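**Student:** Supplied in structure tokens, the structure appears directly below.
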Amino acid sequence: MIKKIIDMNPQELKNSLISNSITVCVVGIGRIGLPTALSFANSGIPTIGLDINSKLVESVNSGIYPLKDEPDYDIIFDKVIKEKKFFATTKIEESVSKSDVILLSLPTPMDQNNVPDYSALRSVGSQLSEHLQEGALVIVESTIEPGFVENELISLIEGSKNRLMAEKNFGIGVCPETANPGEIMIDFTKLPRLVAGINKKISELVYEIYNFVFPVELIRMPNCKTANAVKLTTNVFRDVNIAFVNELSLLFEKLGIDTMTVLEAAKTKYNFQVHYPGAGVGGPCLPVNSYQFINSAKHFGDEYLKIVQVGRKINESMPQHVVDLTINAFDEKKQFIENSNILILGISYKPNVKDIQLSPAKEIIKTFKNLKSNIKIYDPFYRSEKIYDIVCEDNINDVISSIDAIVIITAHKEFKNLQLEELSSKMKNNILVDSRGIFDQISAKNAGLIFRGLGRGT
């Protein structure tokens with residue numbers, strides 16, 4: 001590097017990006033990190049992917065694209081590997097020390113007490129203190145609480161040896177990722193992104209980097225904590241609104257009102273943002289983001305974000321409600337759920353992706369097992385894989401004749417093509433529980449099924 005990045009003006013940085021004279025290291029090449037790294041490499045920038053998962057690193061360097069459910073990036077992957085613009089490693093001391101820009105795309109899950117776990121970020125921050133070259137720029141894409149950069153991460157990177165000092169000989173900024181799993185390519189080319197830095201100059205440098213790589217609107221934020229607050233706000237908004245609709249669906253079941261009919265009519269109003277009920281809210285974002293906000297609020301007392309706390313309780317209660325609907329259907333059939341054979345359709349936390357992080361399926365299956373039901377699983381993304389100590393089925397037809405009840409947990413597109421009459425004729429007992437609004441009660445009953453739909457009335 002001819003000139004340290006943090007000493008460059010925006011035009012100098014732009015020229016360096018055009019000439020591909022800087023190196024970027026993406027720390028964490030998982031669901032978001034790998035497409036991010038590939039996007040940088042595809043723009044011509046030499047890019048290193050750093051991850052502790054040696055099998056993932058080996059797969060990448062062998063030319064095997066790991067995200068089979070993430071379309072379009074396989075083409076870019078093959079291209080940048082062939083052009084030698086991208087490779088992966090497990091060695092932080094080699095990758096970070098030769099990189100000008102360090103992107104942190106690390107997981108921020110919850111621990112068993114629903115407290116955000118920043119151990120991966122903390123560990124990397126401490127290692128950056130040893131290996132970060134002077135003048136480098138660190139950009140945090142991970143979803144974090146407002147203030148984590150300012151109050152903790154900077155100190156970790158600075159360390160105790162007085163080698164590094166923020167703003168003086170390294171820069172730090174944020175660009176919270178906003179991509180939706182399964183649609184990352186689309187989101188990376190359409191969704192606006194937030195950029196910020198610890199000062200105005202750093203913020204402009206972050207802006208120039210992302211402006212070079214991503215063809216989207218970039219929104220300048222006044223500081224890092226505000227950018228992180230925006231990211232949390234958008235996701236927690238969804239979590240709370242899903243809780244509202246889930247609670248409505250419970251009431252509508254009692255009133256004999258079809259929630260889906262209500263929502264389809266309601267969304268015709270120009271300012272109504274539709275959300276749908278379901279078996280629960282999973283994934284690495286919404287539940288975690290709500291608890292990140294809740295954790296931040298705890299520092300100031302118990303009177304903040306009560307609606308978020310209640311929303312979490314509602315969404316976390318939905319797996320049990322799905323089980324209760326199933327029990328109710330067995331009661332109508334005058335059959336015992338004990339020793340019954342239940343087929344779970346879909347274990348991913350969202351449709352059409354291979355990801356079971358915080359999936360409501362886990363709690364539902366656990367509860368059915370406690371009721372001494374025999375559980376089988378079919379998910380098109382997990383054929384023959386052992387999940388939750390159960391080997392998933394290759395095909396619904398392989399087991400359908402022994403099944404007493406089908407419970408739909410994930411709305412994979414494949415399930416929308418199921419023929420209800422055929423299912424009813426082949427099942428041992430004809431119970432269908434739909435937690436995702438794929439089928440309506442009239443069609444199901446006409447097919448001869450005992451049907452329970454979450455929020456579908458009577």
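**Student:** Select, from 340, 348, the only residue that is in the same structural domain as residue 377 (by TED's automatic domain parsing), under 19 Å from residue 277 (Cα atoms) and buried (at least 16 other Cβ atoms within 10 Å of the Cβ).
**Tutor:** Answer to the check: 348.
**Student:** Working carefully through the options 264, 253, find the one that is of a type in the set (Asp, Glu) and closer than 24 Å to residue 352 by Cα. Can you show your working first?
**Tutor:** Numbers: 253 fails: closer than 24 Å to residue 352 by Cα.
Criteria check complete, one pass: 264.
**Student:** Of the residues 142, 119, 123, which single one is farther than 29 Å from residue 69 by Cα and either among the small types (Gly, Ala, Ser) or out of contact with any helix residue (DSSP H, G or I) (no Cβ under 9 Å at 6 or more places or on another chain) (or both)?
**Tutor:** Working: 142 fails: farther than 29 Å from residue 69 by Cα; 119 fails: farther than 29 Å from residue 69 by Cα.
None of the others qualify; the one that does is 123.
**Student:** Something else now. Inspect all residues belonging to the range 356-377 and state whether any of them is of a type in the set (Phe, Trp, Tyr) and either assigned to a strand (DSSP E or B) or within 20 Å of residue 437 (Cα to Cα) (or both). Give the steps one after another, and end with the answer.
**Tutor:** From the range 356-377, those of a type in the set (Phe, Trp, Tyr) are 368; that's our starting set.
Next, only the ones that are either assigned to a strand (DSSP E or B) or within 20 Å of residue 437 (Cα to Cα) (or both) stay: none.
Within the range 356-377 (the criterion being of a type in the set (Phe, Trp, Tyr) and either assigned to a strand (DSSP E or B) or within 20 Å of residue 437 (Cα to Cα) (or both)), the answer is no, since none of the residues qualifies.
**Student:** Evaluate the following for residue 258: is it in contact with a strand residue (DSSP E or B) (Cβ under 9 Å, 6 or more places away or on another chain), surrounded by 18 or more Cβ atoms within 10 Å (Cβ to Cβ), modelled with pLDDT of 95 or more and outside the structural domain of residue 150 (by TED's automatic domain parsing)? It would help to see each step written out before you state the result.
**Tutor:** On the way: in contact with a strand residue (DSSP E or B) (Cβ under 9 Å, 6 or more places away or on another chain): yes; surrounded by 18 or more Cβ atoms within 10 Å (Cβ to Cβ): yes; modelled with pLDDT of 95 or more: yes; outside the structural domain of residue 150 (by TED's automatic domain parsing): yes.
It is true that residue 258 is in contact with a strand residue (DSSP E or B) (Cβ under 9 Å, 6 or more places away or on another chain), surrounded by 18 or more Cβ atoms within 10 Å (Cβ to Cβ), modelled with pLDDT of 95 or more and outside the structural domain of residue 150 (by TED's automatic domain parsing).
**Student:** Okay, moving on. Can you tell which of 292, 273 is free of Cβ contacts under 8 Å to residues at least 40 places away in the same chain and within 23 Å of the chain's Cα centre (by Cα)? Even if it seems obvious, please write down each step before you answer.
**Tutor:** Working: 292 fails: free of Cβ contacts under 8 Å to residues at least 40 places away in the same chain.
Being free of Cβ contacts under 8 Å to residues at least 40 places away in the same chain and within 23 Å of the chain's Cα centre (by Cα) holds for just one of 292, 273, which is 273.
**Student:** Would it be correct to say that residue 437 is free of Cβ contacts under 8 Å to residues at least 40 places away in the same chain and not β-branched (Val, Ile, Thr)? Spell out the reasoning first.
**Tutor:** Details: free of Cβ contacts under 8 Å to residues at least 40 places away in the same chain: no; not β-branched (Val, Ile, Thr): yes.
It is false that residue 437 is free of Cβ contacts under 8 Å to residues at least 40 places away in the same chain and not β-branched (Val, Ile, Thr).
**Student:** Quick one: in the range 110-147, of everything that is of a type in the set (D, E, K, R) and out of contact with any Leu (no Cβ under 9 Å at 6 or more places or on another chain), which residue is nearest to residue 221 (Cα to Cα)?
**Tutor:** First pass over the range 110-147, keeping only residues of a type in the set (D, E, K, R): 111, 117, 122, 130, 134, 141, 145.
Pick out the ones that are also out of contact with any Leu (no Cβ under 9 Å at 6 or more places or on another chain) and you get 111, 117, 130.
Values: 111: 30, 117: 25, 130: 30 Å.
Step by step, filter the range 110-147, then rank; the result is 117.
**Student:** Just one of (1) basic (Lys, Arg); (2) surrounded by fewer than 19 Cβ atoms within 10 Å (Cβ to Cβ); (3) more than 20 Å from residue 360 (Cα to Cα) trips up residue 231, so point out which.
**Tutor:** Going through the list (1) basic (Lys, Arg); (2) surrounded by fewer than 19 Cβ atoms within 10 Å (Cβ to Cβ); (3) more than 20 Å from residue 360 (Cα to Cα), residue 231 breaks only (2).
**Student:** Mind counting the residues in the range 93-106 that are touching a strand residue (DSSP E or B) at 6+ places or on another chain (Cβ under 9 Å), in a helix (DSSP H, G or I) and surrounded by fewer than 20 Cβ atoms within 10 Å (Cβ to Cβ)? Full working, then the answer.
**Tutor:** Filtering the range 93-106 down to residues touching a strand residue (DSSP E or B) at 6+ places or on another chain (Cβ under 9 Å) leaves 94-96, 98-106.
Checking the rest, the ones that are also in a helix (DSSP H, G or I) come to 94-95.
Filter once more, keeping what is surrounded by fewer than 20 Cβ atoms within 10 Å (Cβ to Cβ): 94.
The number of residues fulfilling the criteria is 1.
**Student:** Among the strands (runs of 3 or more DSSP E) lying completely within the range 107-211, list those that include at least 2 residues that are in contact with a strand residue (DSSP E or B) (Cβ under 6 Å, 6 or more places away or on another chain) and without any contact (Cβ under 8 Å) to a residue 40 or more places away in the chain.
**Tutor:** The qualifying strands (runs of 3 or more DSSP E) are 193-197.
**Student:** OK, next. Counting only residues that are part of a loop (DSSP other than H, G, I, E, B) and under 26 Å from the mean Cα position of the chain (by Cα), how many does the range 391-438 have? Lay out the reasoning, then the answer.
**Tutor:** So in the range 391-438, the residues part of a loop (DSSP other than H, G, I, E, B) come out as 392-395, 399, 403-404, 409-412, 418-419, 427-430, 435-438.
Still in the list and also under 26 Å from the mean Cα position of the chain (by Cα): 392-394, 409-412, 435-438.
Of the residues in the range 391-438, 11 are part of a loop (DSSP other than H, G, I, E, B) and under 26 Å from the mean Cα position of the chain (by Cα).
**Student:** Would you point out which residue out of 262, 245, 288 is under 18 Å from residue 145 (Cα atoms) and in a helix (DSSP H, G or I)?
**Tutor:** 288
The values are calculated or read from the model by the stated rules, or taken from the named source; none is laboratory data. Because the structure is a prediction, the values reported are computed rather than measured. Cβ coordinates were reconstructed from backbone atoms using ideal geometry, including for glycine residues, and neighbour counts include every protein chain displayed.
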